[in-house]
1. Does Pro103 fit the bill of being within 17 Å of Asn83 (Cα to Cα) and either over 25 Å from the mean Cα position of the chain (by Cα) or touching a residue at least 40 places away in the same chain (Cβ under 8 Å) (or both)?
2. Going by the conditions given, is Lys163 surrounded by fewer than 14 Cβ atoms within 10 Å (Cβ to Cβ), more than 24 Å from the chain's Cα centre (by Cα) and charged (D, E, K, R)?
3. Here is a list of conditions, (1) under 29 Å from Glu164 (Cβ atoms); (2) of a type in the set (Lys, Arg); (3) at pLDDT 90 or above, and Arg130 meets all of them except one; can you say which number that is?
4. Could you pull out the residue among Leu147, Leu102, Leu140 that is in the same structural domain as Gly57 (by TED's automatic domain parsing), modelled with pLDDT of 90 or more and out of contact with any helix residue (DSSP H, G or I) (no Cβ under 8 Å at 6 or more places or on another chain)?
5. How about the range 153-179: which of its residues are assigned to a loop (DSSP other than H, G, I, E, B) and among the polar types (S, T, N, Q)?
Amino acid sequence: MTLIEDVKRPFNLIILAIALLAIALAVYFFKASQKERRLAYSVPKEPDIVFNSKKSGPSIRVLDKDSTVVEDDVFLFTMAIWNAGNMEIEPADIRKPLRLDLPDCRKILDYVITFQSHPDIMKISVSEVRYSRGTDSKRLQFSWDHLDPGMAFKVRVIYAGSKESKIMISGNIIGIREFVKGKEHKQTIWDYLLTFFAWTSVFAGFTLMASNVFSEPFEKILPLEKKPMALQIVSYYAVGAILAGAGMLVYYWIFGGVQPPFE
């Protein structure tokens, strides 16, 4: 008896459908039960220029808070930061404060929190702190009362310096190995392999069921009825792997990445 003939039995079809559903549900609930701290951020590709010191005439000047003339170019950018995990991030979880570093910045002219998703709970504060790398490096430091999953805030920074100044995030928070740049994937290889194997099994099963329903055209495309059972199983899994791989690529292309909760 071939694999297809065995599957054609109604009882076996029902068992196969239940098994496929069980695999999909097992992977879903396994992923949903995992607890993870994840802090994500989003920055523009390049800052907006506010003042061009080389093209502006002498009648236009920019002054800092001490009424000192700013001789460098002035730029502006807005950064978004949010809790992209499913665990809260409390002050007790912070070993080193969250910081925004501007290595090639001559002076920070202004900074302000422009958005908080839950201002009465989060109470975000930001302050400028000393950066030990030199005078052309500046740093802002953040603190909060609570940062629960999905909570987010934005900070607007105006600085004098170079357009090429890299905007970097640093800090040390329990359970977070690295900070995630928005719309990038940061799953481990085992997460991808587990998901891929599960969907391969599901698609292999559906391919087997389709070969039963559309036996004649399917046999012309993939003639396996007279082949050894081991070869049939490998062939169905190969088709399932192709379909699973294509499906995952399409999904991550359309929906993938760490999305800000306010966009």
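The values are calculated or read from the model by the stated rules, or taken from the named source; none is laboratory data. Bear in mind the structure is a predicted one, so any value in this text is a computation, not a measurement. All Cβ positions, glycine included, derive from the backbone under ideal geometry; neighbour counts span all protein chains shown.
1. no
2. Working: surrounded by fewer than 14 Cβ atoms within 10 Å (Cβ to Cβ): yes; more than 24 Å from the chain's Cα centre (by Cα): yes; charged (D, E, K, R): yes.
Considered against the rule, which asks whether it is surrounded by fewer than 14 Cβ atoms within 10 Å (Cβ to Cβ), more than 24 Å from the chain's Cα centre (by Cα) and charged (D, E, K, R), Lys163 comes out as yes.
3. (3)
4. Working: Leu147 fails: out of contact with any helix residue (DSSP H, G or I) (no Cβ under 8 Å at 6 or more places or on another chain); Leu102 fails: modelled with pLDDT of 90 or more.
From the options Leu147, Leu102, Leu140, the qualifying one is Leu140.
5. Taking the range 153-179 first, the residues assigned to a loop (DSSP other than H, G, I, E, B) are 162-167, 174-179.
Those that are assigned to a loop (DSSP other than H, G, I, E, B) and among the polar types (S, T, N, Q): Ser162, Ser165.
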